[in-house]
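The values are calculated or read from the model by the stated rules, or taken from the named source; none is laboratory data. Keep in mind the model is a prediction, meaning the values are calculated, not measured. Heads up, the Cβs are rebuilt from the backbone with ideal geometry, glycines too, and the neighbour counts pull from every protein chain shown.
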Amino acid sequence: MERTVCDEPADEPVQCLLPQHVKRALVYTRSNVAEKITLPGLAATCAVPERILLKQFKRFVGLSPLAYLRRLRLNLARGELLKADCVTAISEIAIRV
């Protein structure tokens, strides 16, 4: 059990156990959710080789960085759809997130 030191919701990674480059990747991903994010670009931003970022991200977060990004975007879209008024088009929300 790698992620049991802190009590965190299952959807969120345990922040107190994360390597610094994984924390940086999470912050960057959340801050740039609407931007095009690639594994090479994310690894460069975090100053770590792609392979290490991918391995550590999967180990500590439970997903690859791009799978995490996809889930984050889907959750944001879902939240927008739940609070959206009747005139907001689904395509508008999809483009935003």
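One table, with the values for the structure above:
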item	result
Count of residues meeting criterion [surrounded by 11 or more Cβ atoms within 10 Å (Cβ to Cβ) and either in a helix (DSSP H, G or I) or at pLDDT 55 or above (or both)] in the range 1-19	4
Unique residue being under 19 Å from Leu17 (Cα atoms) and either part of a helix (DSSP H, G or I) or modelled with pLDDT of 85 or more (or both) when the list is Leu82, Leu53, Leu76, Leu69	Leu53
Which listed residue is surrounded by fewer than 18 Cβ atoms within 10 Å (Cβ to Cβ) and more than 23 Å from Ala94 (Cα to Cα), from Lys36, Lys55	Lys55
Test: residue in the range 64-71 that is crowded, with 16+ Cβ neighbours inside 10 Å, touching a Phe, Trp or Tyr at 6+ places or on another chain (Cβ under 6 Å), within 22 Å of Arg96 (Cβ to Cβ) and not small (Gly, Ala, Ser)	yes
